[in-house]
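Data block below; observations after.
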Amino acid sequence: MSVPRLQFEGISKVFPAVRALSDVSFSVGAGEIHGLLGENGAGKSTLLRILSGVYRPTAGSVLIDGRPVALNNPVAARAAGVAMIHQELQQVPHLSVAQNMFLGHPLTRGGIFVARREQERRAAEALAALDPTIDPAVPLGSLKVAQRQIVEIARALLDRARVVAMDEPTSSLTPSEFERLAEVIAGLARDGVAVVYVSHKLDEVFGICQRATIMRDGVVVGSVDLAQMSEKAVVSMMVGRELAQEQHRSHISSEVRLSVRGLASATKVRNVSFDLHRGEVLGIAGLVGSGRTELLRLLAGADRASSGRVEIDGKAIKLANPRDAIAAGIGLVPEERKREGIVPLRSISSNMALASMGVFAPRGVIDHTRLKRVAAEKMKRVNLRPFLLDRPIRLFSGGNQQKAIIGRWLAAGTRILLFDEPTRGIDIGAKAEIYHLIEELAAEGHSVVVVSSELPEVIRLADRVLVMRDGTVAAELDRADLSEQAIAAHAIPQSETQGRQGARPSGQQGITDRTSG
Amino acid sequence: STDLAPLNSDTEKDRIDWSQLEAKFGALPKLPDGTRAGAVSKTLTNEYWRSLGEGYKSFGDRVGVPVVYQAAQSEGDQLGQLTIAEGLVTQGYNVLLVSPQTDSNLQPIMEQAKAANVPVVNVNDAVIPQAEHYVGNVQRDNGVRVAKWFIKNRPDGGKVAIVEGQAGVYAAVQRTDGFKTTITETGKFEVVASVPGNWDRQTSYDAASNILQQHPDLIGFYANNDGMALGIVEAVKAAGLQDKVAVFGTDGISDAYASIRAGELTGTVDSFPVLTGEVALESALRLVAGQKLPRVVATPQALITKDNADRYSGAGDAVRKALLEDAAAGN
Amino acid sequence: MTDVTEHTAARPRAEFLHRFSLRDAGTLIGLVVILAVFGALVPGFFAERNLINILQQSSINACLALGMTLVIISGGIDLSVGPTAALSAVISASMLVAGVPFPLAIAAGFAIGLVCGLLNGVLVAYVGLQPFIVTLGTLSTYRALALIYTGGNPVLGLPAGFRAIFNGSLFGLPLAVIIVAVVALIAWIILKKTPFGEYLLAVGGNEEAAYIAGVPIARTKIAAYMISGLLAALAAQILIGRLGAAEPILGNLWELDAIAAAAIGGASLMGGKGSVVGTILGAVILGTMRNGLTLMNVQSFYQLLATGLIILAAMLIDRVTRGRG
Amino acid sequence: MTDVTEHTAARPRAEFLHRFSLRDAGTLIGLVVILAVFGALVPGFFAERNLINILQQSSINACLALGMTLVIISGGIDLSVGPTAALSAVISASMLVAGVPFPLAIAAGFAIGLVCGLLNGVLVAYVGLQPFIVTLGTLSTYRALALIYTGGNPVLGLPAGFRAIFNGSLFGLPLAVIIVAVVALIAWIILKKTPFGEYLLAVGGNEEAAYIAGVPIARTKIAAYMISGLLAALAAQILIGRLGAAEPILGNLWELDAIAAAAIGGASLMGGKGSVVGTILGAVILGTMRNGLTLMNVQSFYQLLATGLIILAAMLIDRVTRGRG
Ligand SMILES: Nc1ncnc2c1ncn2[C@@H]1O[C@H](COP(=O)(O)OP(=O)(O)OP(=O)(O)O)[C@@H](O)[C@H]1O
Ligand SMILES: Nc1ncnc2c1ncn2[C@@H]1O[C@H](COP(=O)(O)OP(=O)(O)OP(=O)(O)O)[C@@H](O)[C@H]1O
Ligand SMILES: [Mg+2]
Ligand SMILES: [Mg+2]
């Protein structure tokens, strides 16, 4: 290898009062797929945002093919041959898929008019390898999150870029979708593109990357050859300590806490029935669009059921809005943390207390001493880091935001916790903590439902698993019968097991009006 | 002030015509040294109020009394005007001349000024019920004069329309009512429309176009001020009806005179703001000098048409003379 | 609650087109209802002359509302359109009265509009102030400048030749109406067919995403405000042509009418959404209301009431035809 | 470009308090600068009587701006405060004139304010219309109702006893000032110490998240508009007490002053952010401007110019002291 395609040289980034990156240097060769690993807040996104011209480094330089490049803004970065898939979806819902993909550099006729058809044709080409069912002409907002993420990936493929940076591109994708992405990435590498790949899913990184750079607290801990490293060793580099590999422990009791019968929504969920026991962790698996999120929203009162019956401790409850659910002891830790979870400008304490104001203000005025005490207690319990209870939540990493939301339900005395993709975008250390927390909660007698697209996660946590398909429960698997194959077998429609095509139509029909209130 | 009956400037019995001031009370007495007058009016965006200020200033210059003249930022800015007036009281002017936005928005001034022993003269337009002194014309009379012109010059009667000022403003209400009542009493005229023009040229233009379109046989418009009337004139011209439709305004701003001379606007009711300003300041200074004036000093008005426009539009003194003649003739 | 409630239909392309026209169709239905009501109540309401009147009287608001729509789509708002128009009007008019050739005087008026818009745009885009507050500040500032420039007096005696430019007719339609129709067409093309239109929608729809995609955020916003200023200046020219005089207090409360027209037409003050066709229909709805109420000789208090209620009713109808927005 | 530029300090607790008061301190500095300038230019500006005047003259706007701040924090806006005040004023006043006991008449005025706010709130929260448009519609509607109710005439002759309630002094301060100070204290407590305050901040900060967390979205929004209506009614009572008469055209353009005060004080029209202390300071800044310019005998066109420029300047200073908001 002569000159590396991409070189970071002594990159530092200081935000007012925060040092996000210190003297980061490493290089990526042409045709190399390079993993970038680290816990939440390690500085991965910050580095890639510098690469893509969104931030400017405080010090250091980026070299492409040996020449320093000025990456003053996204346009300059693009001109320098950098394409980037951002961690947060960067899209305009009212524009079409194709318009989004060509946003900022539309194809034109005569330099004046947007060449819509041409854009749609080229967009379809780029999408073909990933998901040919996405119509480039529909408004982007009509797609599911997973499809939107695929659009985001396809957008990066449009440019004949020399460097492609991917910041958690698969956070909403299923394993099979990842497989097709892996093929696409391999194709890029064959064309000599340098790929930087960020993911918290270590198996993905080990699957496609040759080398990886590991970061901790803004510094490079090391660049390693993955073929010669064990996952465990990489993890301990990331977290700076040994992570105990914990085993599943069951705390399930025979006491039925929540009983759901014939639950259905107007749009997606059909005739769902199950029981949830005290101390149980119930996993829900299924393909994207199988109706898992919507089921949780029905149980959390966020959407209204069209029929069905929900009982807690044998008593029927009404679920007209989240307040009813909370009163009944049900709390939802939502899938899209930023949109449905946090109030960004408010502190950790405020975010925590939001669902239990009545508790903290028994006489109408908030008892701040008590709130502070409870916040300290609960946040210690979930191990918030940094332990700054008055800091606006938006300044925390995703994992710690997630912990605060869990703390919210603990403070509210919730007995039934519904987790929707509890570890999406959360690093391996925090993930282990959250698993541990979920088990502790179960041990204390809470009942927990975990929806997850990561089968290992479901298998790790669940006492029992419901597999959903087309809005209804296709199978119920006991812990003894759990395996990835078993779940997949029930999740994918029988007639079309061989291809992903089959899963699409069901996803396509999925029309969820999330309107509420 | 509580024992004073609420003032109705149009009907108050305790009144004197401006032309009688000198005859009844003699020449302006000598004023205490350093006498200063403060004045606040509605808005400077309307020529009428600027002319009033000119009157204050010219009379002040003549007798050596400095006059501070301020106005609110826009018509309808009631609290802003109150702030200005309070500032004037604070600053210790010897007399205040106020032209309030509404009947009540300067009410607190009356008490503050009384406490500071500063006479307040309410000049024109809105009328503070507790006002002890009022200088101005009879608002209703504006409309009445125009109505009388129609009765005299269009003996066959016909359809007429009114374009009103801002809804709820005293002057607009009074002028409209004076016109409407007088002209309908005859039985020959029909007021086919009385619609809002909001003191705005464009709104009035549109309203007039609509009215003309529906009533092509209309014989006249009465507008609550000249700006609106000039908008109406353009609408009448655009409809090609300038020979058939008479348009009257109110105020007598210079543009209205120009338009009357050009044969476009039929007429306006001039209430002689410069002269009103002079008379108002004169009356105010007489109060400072300790004279007891009647509660209302009435200022002149005249219906201006092409025939008499020149008589009323010369230099200040010439107009004053003409008006004195009118007054003498009992007009 | 969600901003995304679109449905993925079986034939998404058709549905996409459908969705757009559906919203405008709602506004159109509103207009038809209002026309029908007045038609039934007011004799001669459907006379050609009156319909032309309505168009003419709506033209100025439509002109402003088109600029407002672009600004609103970009996620902003322009409260300063009235004073911008006033400043442009008095400066053009005083040049005309001074004998400056028409094209030059008109160009100067347009330049004023562009400069006013530029200042708004720079304060919003580069300095990062809230559009509502920026244009609230310039609302007073521009108005004050117009008043100071003229000493509060109207500028009178515009040359007949100038007035003829904006007062003529073509094919029986007032030129003002035709000019605004052409402006609407251009605005439609800009929004639907050009990169700039896409940028507007993107900046208003998701500014951060637009930035990352390389959309020139600041230039896009500034351009929107400049167009709004330019159209305010055009409205001013049309108006002074019609009235024959330019007043420094011209354009009082125009911003509210323009915003109302855009909103009735489906623009969302959250940005990222708006329709040229809808805005034009919205302006015509408001114009029809005024015309009809005047012809019915409705007393001014009740006209005010009707105006308030029609805005609320239009938004309610919108809400019903469209689902939660 | 990003919205994340806050600082993470070593001592976070101090930093947090610091950060909040920093914004208010910026506004305070602005006020001090303005006071200093006028103090230097205007003899007698610092006379006790004049300072009391400033407070009294700011009190009505401050009262409205407090309600406006709560609405803005909830992510809305209330353009209808002026007409709400007018409607409340004329109804209270006509009851007073008819001899209804004071408490009843005042209560009726407050009830009107609450009902006006309720209607705004229901249209925003339950029907889901845009706050700007809803209150633009009710702006006209409420004004029209006040005009129709009174036939456009002022209601005169309020009993002296009633006027005394709002016109007295306590410890040398006008009662109106004290009332508004108490209201401000209550608003501060509401915002900082009650669940409702948290709900307002949450609803304006992220409505969807607040919903999932069980915040009663609709009730919170409605309450904000009702408080705004109630405070408009209170401002109306203070004003008619001062003026001795109630006019249907009272409160013209009040909304703009109230919004300006809230914005100068740091409220974000995007919702989720605002400060009671800042709003009060904002109202006093505007009041001081008016007072000082009047005392300097600045002509009204230049006062208008100064008003526009001060709003822009305040926002610029804000921007500089605070970083991109
Ligand atoms: N705009 C900003 N202003 C201030 N601090 C920031 C900003 N962006 C990031 N940070 C801080 O910089 C550090 C690195 O964050 P970054 O987002 O790069 O982490 P990451 O490794 O991508 O984490 P994750 O795995 O959660 O995506 C964090 O402490 C974060 O709080
Ligand atoms: N943000 C969204 N906007 C619009 N529609 C959505 C959105 N999220 C989900 N949907 C629709 O709701 C349907 C049900 O999806 P739901 O989220 O309940 O499924 P899921 O099994 O939880 O899938 P996922 O893994 O994506 O969460 C999907 O088919 C999809 O069409
Ligand atoms: Mg990241
Ligand atoms: Mg889901």
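Where a number appears in this text, it was derived from the coordinates with a stated rule and is not lab data. These numbers come from a predicted model, not from an experiment. Positions of Cβ are backbone-derived with ideal geometry, glycine not excepted, and every protein chain shown enters the neighbour counts.
The figures follow:
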{"quantity": "Binned Cα-Cα distance frequencies in the protein assembly as shown - 10 Å width, integer %", "calculated": "1, 8, 15, 19, 18, 14, 10, 7, 4, 2, 1, 0"}
{"quantity": "Helical mean residue ellipticity (222 nm; -39500 (n - 2.57) per DSSP H run of 4+; nearest 500) of chain A", "calculated": "-9500 deg cm²/dmol"}
{"quantity": "Taking chain A and dividing mean pair separation by its residue count, relative contact order in percent (alpha carbons under 8 Å, at least six apart)", "calculated": "15 percent"}
{"quantity": "Fewest-first sequence of D:MET289, A:MET229 by Cβ atoms within 10 Å of each Cβ", "calculated": "A:MET229, D:MET289"}
{"quantity": "Most mobile listed residue (D:ALA144, D:ALA202, D:ALA246) in chain D, GNM with C-alpha springs under 10 Å", "calculated": "D:ALA144"}
{"quantity": "Packing-based order for B:205-212, B:269-276, using average beta carbon neighbours within 10 Å, highest first", "calculated": "B:205-212, B:269-276"}
{"quantity": "For the range C:45-322, with +1 on Lys and Arg beta carbons and -1 on Asp and Glu, the positive-most of C:GLY229, C:LEU173, C:SER80 along the dipole", "calculated": "C:LEU173"}
{"quantity": "Charge dipole (debye, nearest 20) of the range C:45-322; +1 at Cβ of Lys and Arg, -1 at Cβ of Asp and Glu", "calculated": "260 debye"}
{"quantity": "Angle between chain B longest axis and helix B:273-288 axis [Cα atoms, degrees, rounded to 10]", "calculated": "20 degrees"}
{"quantity": "Largest to smallest principal axis extent of the C-alpha atoms in chain A, angstrom", "calculated": "69, 52, 47"}
{"quantity": "Cα centroid separation, the range D:111-174 to the range B:86-116 (Å)", "calculated": "26 Å"}
{"quantity": "Cα coordinate range in the range A:6-239, projected on the principal axes (Å, largest first)", "calculated": "49, 37, 33"}
{"quantity": "Positive-end residue, the range A:6-239 charge dipole about Cα centroid, Cβ charges, pick of A:LEU47, A:GLY141, A:VAL69", "calculated": "A:VAL69"}
{"quantity": "At 7 Å out from Cα toward Cβ: C:LEU104 inter-copy label distances (nm, ascending)", "calculated": "7.4"}
{"quantity": "Virtual paramagnetic centre 7 Å along Cα→Cβ of A:GLU183, amide N under 16 Å, in the range A:134-165", "calculated": "A:134, A:154"}
{"quantity": "³J(HN,Hα) computed for each position of the range A:19-32 - Karplus, 6.51 cos²θ - 1.76 cosθ + 1.60, integer Hz, glycine/proline x", "calculated": "9, 7, 9, 10, 6, 8, 9, 5, 9, 10, x, 4, x, 9"}
{"quantity": "Separation of the A:ASP203 and B:LYS114 label points, Cα + 7 Å toward Cβ, nm", "calculated": "9.0 nm"}
{"quantity": "Stretchable slack from D:LEU170 to D:VAL100, in nm (0.36 nm times residue separation minus alpha-carbon distance)", "calculated": "22.5 nm"}
{"quantity": "Cα centroid separation - the range A:255-312 against the range A:2-75, whole Å", "calculated": "45 Å"}
{"quantity": "Ellipticity estimate at 222 nm from DSSP helix runs (n ≥ 4, -39,500 (n - 2.57)) divided over chain B, nearest 500", "calculated": "-13000 deg cm²/dmol"}
{"quantity": "Proximal aspartates and glutamates to B:LYS57, defined as alpha-carbon separation beneath 17 angstrom and excluding residues fewer than eight positions away on the same chain", "calculated": "B:GLU47, B:GLU278, B:GLU282, B:ASP317"}
{"quantity": "Neighbouring partner chain Cβ atoms per residue of A:61-72, average, 10 Å criterion", "calculated": "0"}
{"quantity": "Amide H contacts of B:VAL121 (H built 1.01 Å from N, under 5 Å, at least 5 apart or other chain)", "calculated": "B:LEU96, B:LEU97, B:VAL98"}
{"quantity": "Inter-label distance, nm, simple model (7 Å from Cα along the C-beta direction), A:ASP191/B:ALA318", "calculated": "8.8 nm"}
{"quantity": "Long-range amide H partners of B:ALA246 with built H, under 5 Å", "calculated": "B:GLY220, B:PHE221"}
{"quantity": "Percent antiparallel among DSSP beta bridges (both partners in chain A, rounded to 5)", "calculated": "55 percent"}
{"quantity": "Cα centre as origin, Lys/Arg/Asp/Glu Cβ charges: the range A:335-387 dipole, Debye", "calculated": "220 debye"}
{"quantity": "Pair A:GLU9, A:LEU63: separation of 7 Å Cα→Cβ label points (nm)", "calculated": "0.5 nm"}
{"quantity": "Extension gain, C:LYS192 back to C:TYR126 (0.36 nm per residue minus Cα-Cα distance, nm)", "calculated": "21.1 nm"}
{"quantity": "Within the protein assembly as shown, percent of DSSP bridges classed antiparallel, to nearest 5", "calculated": "40 percent"}
{"quantity": "Radius, Kirkwood style, for the range D:45-322 when every pair of distinct Cα atoms is counted (Å)", "calculated": "18.9 Å"}
{"quantity": "GluC sites (Glu not before Pro) restricted to DSSP loop in the range A:78-150 with at most 16 other C-beta within 10 Å", "calculated": "A:GLU88"}
{"quantity": "Listed residues B:ASN137, B:ASN124, B:ASN153, most fluctuating in chain B (Gaussian network, C-alpha, under 10 Å)", "calculated": "B:ASN153"}
{"quantity": "GNM top mover of C:LEU104, C:LEU87, C:LEU230 - chain C, alpha-carbon springs below 10 Å", "calculated": "C:LEU104"}
{"quantity": "Whole-number percent relative contact order across chain C, with pairs defined as alpha carbons under 8 Å at least 6 apart", "calculated": "34 percent"}
{"quantity": "Inter-copy spacing of D:VAL32 label points, which lie 7 Å from Cα along Cα→Cβ, given in nm from shortest upward", "calculated": "6.6"}
{"quantity": "Of A:LYS44/A:LYS380; A:LYS378/A:LYS431; B:LYS13/B:LYS321; B:LYS148/B:LYS244, those spanning more than 21 Å from alpha-carbon to alpha-carbon", "calculated": "A:LYS44/A:LYS380; B:LYS13/B:LYS321"}
{"quantity": "Prolate/oblate/rounded call for the range B:1-152, Cα gyration tensor, a/c under 1.5 rounded", "calculated": "rounded"}
{"quantity": "Helix axis angle, A:116-128 relative to chain A longest principal axis, alpha carbon, degrees", "calculated": "70 degrees"}
{"quantity": "Debye, to nearest 20: dipole size of the protein assembly as shown, +1 on Lys, Arg Cβ, -1 on Asp, Glu Cβ", "calculated": "960 debye"}
{"quantity": "From phi via Karplus (6.51, -1.76, 1.60), per-residue ³J(HN,Hα) for the range B:181-196 in Hz, x at Gly/Pro", "calculated": "5, 5, 6, 7, 4, 5, x, 8, 9, 10, 7, 7, 8, 9, 10, x"}
{"quantity": "Protection proxy ranking of A:193-199, A:256-262, D:223-229 - average other beta-carbon atoms within 10 Å, highest first", "calculated": "D:223-229, A:193-199, A:256-262"}
{"quantity": "Under-5 Å amide H pairs with A:ALA165, H placed in peptide plane, nonlocal only", "calculated": "A:ALA83, A:MET84, A:ILE85, A:VAL196"}
{"quantity": "Residues of type aspartates and glutamates that B:LYS114 reaches as a straight line, Cα spacing below 15 Å, ignoring anything fewer than 8 places off in the same chain", "calculated": "B:ASP3, B:GLU86, B:GLU132"}
{"quantity": "Rh by Kirkwood over Cα pairs, then Stokes-Einstein D for the range A:256-516 at 0.890 mPa s and 25 °C, µm²/s", "calculated": "131 µm²/s"}
{"quantity": "Estimated vicinal HN-Hα couplings, Hz - the range B:85-97 in sequence order (Karplus 6.51, -1.76, 1.60; Gly, Pro = x)", "calculated": "5, 5, x, 5, 5, 4, 7, x, 6, 7, 8, 10, 10"}
{"quantity": "Rounded FRET efficiency, nearest 0.05, which uses the C-beta distance separating D:LEU41 from B:LYS13 and R0 of 56 Å", "calculated": "0.75"}
{"quantity": "Other protein chain Cβ atoms within 10 Å, averaged over every residue that makes up C:45-58", "calculated": "3"}
{"quantity": "Residues in the range D:274-305 reached by a label modelled at C:VAL115 [backbone nitrogen below 19 Å; 7 Å Cα→Cβ]", "calculated": "D:302, D:305"}
{"quantity": "Chain D - mean residue ellipticity at 222 nm from DSSP helices (-39,500 (n - 2.57) per run, n ≥ 4, rounded to 500)", "calculated": "-25500 deg cm²/dmol"}
{"quantity": "Debye log10 I(q)/I(0) for the range B:8-73, one point scatterer per Cα, at q = 0.25 Å⁻¹", "calculated": "-1.08"}
{"quantity": "Sorted by Cβ density within 10 Å, fewest first, the residues B:ARG62, B:ARG201", "calculated": "B:ARG62, B:ARG201"}
